[in-house]
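To start, the structure under review is shown below, and the notes come after it.
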Amino acid sequence: MVIVCSVSVHFDPGYMFAMSKSVSNTSSINPILKLALEVGPLALFFVSNARLGIFWATGVFMAAIFVSLSITWMLERRLPTLPLVTGVFVLVFGGLTLILQDELFIKLKPTIVNTLFAVILLGGLFWGKSFLKTVMGSMFPMTDQGWRILTFRWALFFVFLAIVNEIVWRNTSTDDWVSFKVFGIMPMTILFSLAQLPTMNRHKLPEDVPEDVHFDGNGT
């Protein structure tokens, strides 16, 4: 469940992390429909860029995200804060891209969003709080130590992705950058998520432990 939440959502890991909040054990959306809503905008972005160019693709991307979030709202009557914030970033930077006819803005968006998530996660740890636990704790109960470890690793991963995005868009063509978002970022996120499974299993709480009971990772 956690792997699906982390890797199957929309167009970049920042949004994947954000949308994982909307995938809970009580979700009323059919899993196949949810997968289509999550992956659809990315697929449309890739196809539109290949056929019509980056500016048309950006417009299609923005519309697809708006439709996806709208359908999610109609089916669940709620929109988690983080996906909504990320969607606003897409609309703002996408809008700037179209208005100014400058693809720089849509290319910068992943850098800014991934950096934002890294700052949020690291800031939470600094103040003694795991925001990753807040987002995903109901789906996979773990010890507090486990959540701290996972939060720190995801924060570093977001920093890594922000740096990689900067390197790729500054040194490759737009088509190559779009392809990298689809065929580079997604596999890396899947592999990173899978690499966290041993830690998650090692710090998993027993099923009969109440949610309000806290463990420090040493069984206490």
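Cα-Cα over 20 Å: which of LYS107/LYS129; LYS133/LYS204; LYS34/LYS109?
Too far apart for the 20 Å limit: LYS107/LYS129; LYS34/LYS109.
For the range 44-197, the convex hull drawn through the C-alpha positions has a volume of 122 cubic angstrom per residue.
Taking 20 °C and 1.002 mPa s as the conditions, I'd like the Stokes-Einstein D for the range 115-200 in µm²/s, using the Kirkwood hydrodynamic radius from alpha carbon pairs. List each step's numbers first, then the result.
Numbers: Rh = 14.0 Å.
Estimated diffusion coefficient is 153 µm²/s.
Laboratory data are not the source of any read-out in this text; all were calculated from the coordinates shown. All of these numbers come straight from a predicted model, not from anything done at the bench.
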